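Participant: The structure under discussion is supplied below as structure tokens; questions concerning it will follow.
The values are calculated or read from the model by the stated rules, or taken from the named source; none is laboratory data. Note that this is a predicted model, so its numbers are computed, not measured. Counting neighbours? That spans all protein chains shown, and the Cβs are built from the backbone with ideal geometry, glycine included. The accessibility values were calculated without ligands, DNA or RNA, using every heavy atom of the protein model including side chains. Shrake-Rupley method; radii C 1.70, N 1.55, O 1.52, S 1.80 Å.
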Amino acid sequence: MSSSEQTFIAIKPDGVHRGLVGPIITRFEQRGFKLVAIKLISPGKEHLEKHYADLAGKPFFPGLIEYMNSGPICAMIWEGREVVKTGRILLGATNPLASAPGTIRGDYAIDVGRNVCHGSDSVESAQKEIALWFQDSEVVKYKSSQFDWVYEKP
Ligand code: CDP
Ligand code: MG
């Protein structure tokens, strides 16, 4: 279980508009994960349809694309041991009403179609999503000064 596993986390347009960029970043930072890429972006409908291609047949798909295309998205890559699985735990359940307090969705959201944040659901989808949203040159390689205080061994 590598400490260099990466996940794609995106603060959705409602999260950006509601001033949740800072609080959401803080949760990942405070857990000990390392930020390796970040940008504010409105990538357009075609890109968003690619990102959610697996959901293309769902009745909520058109509304989902409209929601995601309604404002800027804060796209990020976070790195750390088991960050994909743990990122999903930090986010909470897809439906915020089913999310425990203490999770991002459980603290900041109510409706499923306004659930403020995206996180990759597997290492394989994280790799696909990172390749869709970021160029290699946008990903920063560095050793966090916290590293030896967060991990027992690399
Ligand atoms: O985001 P997550 O991986 O938890 O859920 P998903 O099943 O991959 O769905 C992607 C997104 O579609 C959700 O985060 C919701 O914003 C939206 N969605 C919706 O609007 N209505 C549903 N019944 C299910 C999902
Ligand atoms: Mg998903």
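Participant: Inspect all residues belonging to the range 59-68 and state whether any of them is touching a strand residue (DSSP E or B) at 6+ places or on another chain (Cβ under 9 Å) and either of a type in the set (A, V, I, L, M, F, W, C) or modelled with pLDDT under 95 (or both).
Facilitator: Let us first name the residues in the range 59-68 that are touching a strand residue (DSSP E or B) at 6+ places or on another chain (Cβ under 9 Å), namely 68.
This time we only want the ones that are either of a type in the set (A, V, I, L, M, F, W, C) or modelled with pLDDT under 95 (or both), so: 68.
Yes - at least one qualifying residue is present in the range 59-68.
Participant: Taking A131, is it more than 9 Å from ligand 1 (Cβ to nearest atom) and farther than 12 Å from Q6 by Cβ?
Facilitator: No; evaluated as a whole, the condition is false for this residue.
Participant: Next question, about the same structure. Please determine, by comparing only the residues of the range 116-131 that are within 13 Å of ligand 2 (Cβ to nearest atom) and under 15 Å from R27 (Cβ atoms), which one is most open to solvent (accessible area, probe 1.4 Å).
Facilitator: Restricting to residues being within 13 Å of ligand 2 (Cβ to nearest atom) and under 15 Å from R27 (Cβ atoms), the top hit is H118.
Participant: Also: Of the residues that make up the range 136-144, is at least one in contact (Cβ under 8 Å) with a residue 12 or more places away in the chain, among the charged types (D, E, K, R) and either open to solvent by 60 Å² or more (accessible area, probe 1.4 Å) or not in a helix (DSSP H, G or I) (or both)?
Facilitator: Yes - at least one qualifying residue is present in the range 136-144.
Participant: Need a quick list: helices (runs of 4 or more DSSP H) entirely within the range 1-114 having at least 2 residues that are open to solvent by 40 Å² or more (accessible area, probe 1.4 Å) and over 28 Å from S145 (Cβ atoms). First the steps, then the outcome.
Facilitator: On the way: elements: 13-17, 21-31, 45-51, 61-68, 83-91, 104-108.
Because the criterion is at least 2 residues that are open to solvent by 40 Å² or more (accessible area, probe 1.4 Å) and over 28 Å from S145 (Cβ atoms), the helices (runs of 4 or more DSSP H) in the range 1-114 that meet it are 45-51, 61-68, 104-108.
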